[in-house]
Amino acid sequence: KIVATEGITADPPEADEQAAEKPAEPARPAQPGGDAQPPLSYVAASTGNHGAALAHAARELKRVATVFVPENASPAKISKIEELGAKVVEHGTDCIESEARARQFAEENGMVYVSPYNDLDVVRGQGTIADELIEQFEIEPVDLVIAAVGGGGLISGVGARLKELSQDAEVIGVSPEN
């Protein structure tokens, strides 16, 4: 059985929401009688899916999210990120330039940068897509998954989880022309 992951993450998985709650810097101090508060603002660089997940999590947490995307990012993905309440900043011709600017912006503004690929919690969260594929399509074992490469987090998470479930599964990465 063959499954492609692109396009099935319109509603970000819960695990991505939980990963966005994990601050990359110390949380704000606890309010009297309360727990430590998550940071107020998050920043990410994304070609789309990670940005949508971060926007969704920030909205749920009543926080601010800014997502940097390459100038050639998919208009549909940009719309989804904005629909979920994040500010989108187009910068650079590829995800490397977008990420560099996003990290700089986060540092300059005291915001938390949430990496789409360099955070084990985010990658683990993306790996839950493999579980969702099996559950939603009632297919086990999955022989082959074709996943978008983007920044590498989605394919890393899906590939790692799929290999935990089935050593024989094959994972193929694809990139759009744009």
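Values in this text are rule-based calculations from the coordinates and carry no lab data. Predicted model only: the values in this text are computed from it and were never measured. Using ideal geometry, Cβ is built from the backbone for each residue, glycine included, and neighbour counts are taken over all protein chains shown.
Charged neighbours of residue 97, selected by a Cβ distance under 13 Å, balance to -2 (K, R count +1; D, E count -1). So which GluC sites (Glu not before Pro) in the stretch 54-119 are both in a DSSP loop and have at most 15 other Cβ atoms within 10 Å of their Cβ? For GluC sites (Glu not before Pro) across the stretch 54-119 that sit outside H, G, I, E and B with at most 15 neighbouring Cβ atoms in 10 Å, the list reads 71.
Taking only the Cα atoms of the stretch 100-154, the ratio Rg/Rh comes out at 1.16, with Rh defined as the Kirkwood radius.
Using a Förster distance of 22 Å, how high is the FRET efficiency between residue 40 and residue 96, based on the Cβ-Cβ distance and rounded to 0.05?
E between residue 40 and residue 96, to the nearest 0.05, is 0.20.
Shape class for the stretch 56-178: prolate, because the ratio a/c of the largest to smallest gyration tensor axis (alpha-carbon atoms, square roots of eigenvalues) is 1.5 or more and a/b beats b/c.
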